[in-house]
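Student: Take this structure, written in structure tokens, and hold onto it; I'll ask about it next.
Values quoted throughout were computed directly from the atomic coordinates according to the rules given, and no laboratory measurement underlies them. Small disclaimer: the values here were computed from a predicted structure and weren't measured. As a convention, Cβ positions derive from the backbone with ideal geometry for all residues, glycine included, and neighbour counts pool all protein chains shown.
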Amino acid sequence: MLMGSLFWRFVSGDWQGLPQGRIANCLLGVCYRVSVSQQDIDVAHMRAALREASKAVGLTSPNPPVGCVIAKGRKILAKGHHRYAGGPHAEIEAIQCLTAKALKGSTAYVTLEPCSSKGKTPPCVNAIREAGIGRVVYGSEDPNPKNKGKAARILRRHGILSQGGVLLRPCDEIIRPWRKFITTGMPWVIAKAAMSLDGRLTRPGNEGQWLSSTASRKDAGKLRGEVDAILIGANTLRDDNPALTLRDPAALRRGKQQPLRVVLTRKGRLPKRAQVFTDSHCDRTLVYKAKSLRVVLKDLAAKHGCASVMIEGGGKLLGDAFSRGLVDEACLYIAPIFCGLAGVPLVGTSLSSSKGLLDVSVKRIGQDLRIRGLVDQAKVGDAS
Ligand code: AOF
Ligand code: ZN
């Protein structure tokens, strides 16, 4: 109490009347600097844990991408990330790198609240306690009801200090798709398309299928490394015969498996010789016949553990997804070309209200523009 009130008088500038004012000032100044620098250290280590978590994006469904570092003071002793569902959690990956002596009294920085229930693996709070870790700093609270908000109490009971909410925003962002999956049973949906200046997905006549440049298509290929499934409509399969495979070398090096390729068809009349049915990944292709998009998405989450999916066309499927409010994020490549009325429109259906994007990023890729943002489900687009 006394320290608290002295500290408050110091930071608010009301220290003149304190007994032995100068000494108190000096001492409290030191305390203040120590606490600020501890905060700086925590933030720096959490940034390192986030870098670890980013290595796990796309690899862990139906589990979240999580990163962890273990440190003493400024020194990072070990790093780890969750590599695949069913595998050791991020904390265990880091703990396993260290001796008992190194672990004793260390601090663990984890992007997600440590789990406290037994799932495919034992609870991480037990491993943290057994390792003699003295303090745990984490970013997001675990939205999984089995673990949500439980770690702090359990750790405190065992004399382990914990602090949540450090770098909360980026820690929340990295698990955004998984948060939707674990709390709603639906996957995060990204609508991806290349389009003309007049909002068309296809060129006139027999001009060929590509609108955006090779560099844009390479950028879009990286997005496939973030998702668990790619969805297309039957017309896109017939017209483009796409491979829909992940070819980004960085994602493949990280151990990312090929996303599921999902074809939605009304009648089931699909070309048997299409690449998705005949190439070496044909066991990764699923066909849904006469099923609504909502039902397909629910099934992909429940039966195939898909936490995130990407819709790659065509206009009917994208229009359906937008008009039913099923799109969470859009990633559009706009090419400097006009295609005219005969081209397939990006949203091939009428909408009861316009859709705006939030957190928009605009990137120039050669002559193309990439616009990526979150669909604002609540508000109509603002034209002002
Ligand atoms: C962590 N660190 O690296 C991950 C966590 O079935 P399990 O045993 O793999 O547990 C899955 C749950 O554990 C998952 O739903 C989430 O709540 C948490 N994931 N927790 O402390 C990790 N991947
Ligand atoms: Zn865990």
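Student: Sorting 281, 158 on the 10 Å Cβ count, fewest up front, what's the list?
Tutor: Exposure proxy ranking, most exposed first: 158, 281.
Student: When N is the residue count of region 101-152, what does its C-alpha Rg come to as a fraction of 2.2 N^0.38 Å?
Tutor: Relative to the 2.2 N^0.38 Å estimate, region 101-152 comes out at 1.11.
Student: How big is the equivalent ellipsoid of region 225-383 along its three axes, where each semi-axis is √(5λ) from the Cα gyration tensor, reported in whole Å from largest to smallest?
Tutor: 25, 20, 18
Student: Residue farthest toward the positive end of the dipole of region 40-119, with Cβ of Lys/Arg at +1 and Asp/Glu at -1: which of 119, 63, 49?
Tutor: After comparing all options, I get 49.
Student: Also, quick follow-up: What would the Debye formula give as log10 I(q)/I(0) at q = 0.18, 0.21, 0.24 Å⁻¹ for the alpha-carbon point model of region 317-384, no solvent?
Tutor: Treating every Cα as an identical point scatterer, log10 I(q)/I(0) equals -0.80, -1.04, -1.21.
Student: Can you find, among 347, 131, 371, the residue sitting farthest towards the positive end of the charge dipole of the chain, where Lys and Arg contribute +1 and Asp and Glu -1 at Cβ?
Tutor: So the residue furthest toward the plus end is 131.
Student: Note the per residue figure in Å³ for the convex hull of the C-alpha positions in the chain.
Tutor: 188 Å³
Student: Rounded to the nearest 20 debye, what is the charge dipole size of region 268-345 about its Cα centre when +1 sits on each Lys and Arg Cβ and -1 on each Asp and Glu Cβ?
Tutor: 440 debye
Student: Using the crude model of +1 on Lys and Arg Cβ and -1 on Asp and Glu Cβ, and no other charge, please compute the dipole size for region 97-231 relative to its Cα centre, in debye to 20.
Tutor: On the way: 23 positive and 11 negative charges, 114 e Å.
Result for region 97-231 is approximately 540 debye, rounded to the nearest 20.
Student: For region 35-113, count all C-alpha to C-alpha pairs, find those more than 15 Å apart, and express that count as a whole percent of the total.
Tutor: Of all Cα-Cα distances in region 35-113, 51 percent exceed 15 Å.
Student: Take the Cα coordinates of region 84-227, assign each an equal point scatterer, and use the Debye formula without solvent to give log10 I(q)/I(0) at q = 0.15, 0.20 Å⁻¹.
Tutor: At q = 0.15, 0.20 Å⁻¹ the computed log10 ratios are -0.82, -1.22.
Student: Work out which helices of the chain, taken as complete DSSP H runs, extend at least 20 Å along their axis over the Cα atoms and score a mean Kyte-Doolittle of 0.0 or more, then list them.
Tutor: 21-56
Student: Another question, if that's okay. Each residue of region 256-265 in turn: what ³J(HN,Hα) in whole Hz from Karplus with 6.51, -1.76, 1.60 and θ = phi - 60°, glycine and Pro shown as x?
Tutor: 5, 7, 4, x, 5, 9, 10, 10, 9, 9
Student: Rounded to the nearest 20 debye, what is the charge dipole size of the chain about its Cα centre when +1 sits on each Lys and Arg Cβ and -1 on each Asp and Glu Cβ?
Tutor: Computed charge dipole of the chain: roughly 880 debye.
Student: Calculate log10 I(q)/I(0) of region 144-206 for q = 0.15, 0.19, 0.25, 0.27 Å⁻¹, where I(q) comes from the Debye formula with a single equal point scatterer on each Cα and nothing for solvent.
Tutor: -0.71, -0.90, -1.09, -1.14
Student: Got a sec? How would 333, 84 order by Cβ neighbour count within 10 Å, fewest to most?
Tutor: Arranged by neighbour count, lowest to highest, 333, 84 become 84, 333.
Student: Same structure, new question: If you take every DSSP beta bridge whose two residues both sit in the chain, what share of them, in percent to the nearest 5, is antiparallel?
Tutor: Antiparallel bridges: around 45 percent, rounded to the nearest 5.
Student: Among 91, 226, rank each residue by its count of other Cβ atoms within 10 Å, from fewest to most, as a rough exposure measure.
Tutor: Lowest count first: 226, 91.
Student: What is the distance in Å between the Cα centroid of region 61-81 and that of region 92-151?
Tutor: 10 Å
Student: Grab the other residues whose beta carbon is less than 9 angstrom from that of residue 254, score K and R as +1, D and E as -1, and report the net.
Tutor: Numbers: positive: 55, 83, 253, 256; negative: none.
Taking every Cβ under 9 Å from that of residue 254, the sum is +4.
Student: Next question, about the same structure. Can you tell which of 236, 270, 205 lies farthest toward the positive end of the dipole of region 176-284, using +1 and -1 charges on the Cβ of basic and acidic side chains (Lys, Arg; Asp, Glu)?
Tutor: 270
Student: Below 12 angstrom from the Cβ of residue 67, what's the summed charge of the other residues (Lys, Arg +1; Asp, Glu -1)?
Tutor: Value of the local net charge: +2.
Student: Report Rg/Rh for region 131-173, rounded to two decimals, where Rg is the Cα radius of gyration and Rh the Kirkwood radius. Spell out each step's value before the answer.
Tutor: Values: Rg = 10.9 Å, Rh = 11.0 Å.
So for region 131-173, dividing Rg by the Kirkwood Rh gives 0.99.
Student: Rounded to the nearest 500, what is the chain's calculated 222 nm mean residue ellipticity when only DSSP H runs of at least 4 contribute -39500 (n - 2.57) each, over all residues?
Tutor: Mean residue ellipticity at 222 nm (helix-derived): -10000 deg cm²/dmol.
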